[in-house]
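Here's the structure, in structure tokens; my notes come after.
The values are calculated or read from the model by the stated rules, or taken from the named source; none is laboratory data. For clarity, every value in this text was computed on a predicted model and none was experimentally measured. Glycine also receives a Cβ, built like all others from the backbone with ideal geometry; neighbour counts cover every protein chain displayed.
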Amino acid sequence: MADDPAATLFFLEKDLRMHTSRRKLTKVLHFMATSGAGERFLPRSEAGAIPFSSGEVPEILSRFSVMPDSVEAAEMARTLHVCEAPAAEGEKKWCATSLESMVDFATSSLGTSHVRAVSTVVGKEGTPSQEYTLTGVKRAGTDQLVVCHAEPYAYAVFACHLTRATRAYTLSMVGEDGTAVEAVAVCHADTCGWNPRHIVFQVLNVKPGTVPVCHLVPQDHVVWTRSLTFASYLYV
């Protein structure tokens, strides 16, 4: 577990409040995009005309000239399975196959057209795994978020879900080589129903339902929030 790069993405929300000039929050991180994720959205009209179900995998692979026994084919089949899996109790989910579809789900789920999308932005491509120091924190949304995860597919597909009892932050960070990063973090206030064996509890040495736990959002994921009428800074 110590060698798992995903483990470095987790931290406690109180770590943000403990960040001062005397105690810098530093973590070794490697920012990278999701492997195999589609590079561009299709227009909604085009995406809607293409089969998108596990029962039509052969036709989908043929359309995009993907070999059936390839890694890409397996990843696409897994994405379809993720999209077809039923929502968890109390969860609202949707797989967006176009930008228009993603915006519609975000606005309808959050109950307003006044929304804001935030993603992790890294100042330089191809940055190595290195230590980053937190220099500033800003609240990025209310207690309801729509989080859209980039999925491996022949074109851009995002698995989106509405989260409750969550808070989003943007973290200003600087790497050892001077690379500036505006990282998005999501903090979960209610983890009572989470699997006690989830890696986050092992890494942070806490139990479900005890304290808010947070994780950084990969570069190509998108977090949608209701627009705030003012900037809420914790630290500058």
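For beta carbons closer than 6 Å, sequence separation of 6+ or different chains, a first residue in the range 2-15 that is over 18 Å from Val137 (Cβ atoms) and among the small types (Gly, Ala, Ser) and a second that is at pLDDT 85 or above and in a helix (DSSP H, G or I), the qualifying pairs are Ala7/Val203.
Looking at Glu182, is it among the acidic types (Asp, Glu) and either more than 19 Å from the chain's Cα centre (by Cα) or closer than 19 Å to Glu13 by Cα (or both)? Against the criterion (among the acidic types (Asp, Glu) and either more than 19 Å from the chain's Cα centre (by Cα) or closer than 19 Å to Glu13 by Cα (or both)), Glu182 qualifies.
Close Cβ contacts (under 9 Å, 6 or more residues apart or on different chains) running from residues in the range 70-94 that are at positive phi and at pLDDT below 95 to residues that are of a type in the set (Lys, Arg) and surrounded by fewer than 17 Cβ atoms within 10 Å (Cβ to Cβ) comprise Gly90/Arg164. Counting only strands (runs of 3 or more DSSP E) that sit wholly inside the range 107-191, those with at least 1 residues that are under 29 Å from Glu84 (Cβ atoms) are 115-118, 144-151, 157-164, 166-175, 180-188.
State all residues of the range 194-214 that are part of a loop (DSSP other than H, G, I, E, B) and farther than 20 Å from Ala168 by Cα; if no residue qualifies, say none. Within the range 194-214, Asn195, Pro196, Arg197, His198, Asn205, Val206, Lys207 qualify.
Inside the range 115-170, residues that are surrounded by fewer than 18 Cβ atoms within 10 Å (Cβ to Cβ) and free of Cβ contacts under 8 Å to residues at least 24 places away in the same chain make up a count of 2. Taken together, the residues in the range 30-56 that are outside any loop (DSSP other than H, G, I, E, B) and at pLDDT 85 or above amount to 8.
Here the condition is being of a type in the set (Ser, Thr, Tyr), buried (at least 17 other Cβ atoms within 10 Å of the Cβ), farther than 20 Å from Thr26 by Cβ and at pLDDT below 90; of Thr229, Thr191, Thr225, it holds for Thr191 alone.
Tell me yes or no: at least one residue of the range 73-82 is exposed (fewer than 12 other Cβ atoms within 10 Å of the Cβ), closer than 17 Å to Cys148 by Cα and in contact with a strand residue (DSSP E or B) (Cβ under 8 Å, 6 or more places away or on another chain). So far as the range 73-82 goes, no, none of its residues is exposed (fewer than 12 other Cβ atoms within 10 Å of the Cβ), closer than 17 Å to Cys148 by Cα and in contact with a strand residue (DSSP E or B) (Cβ under 8 Å, 6 or more places away or on another chain).
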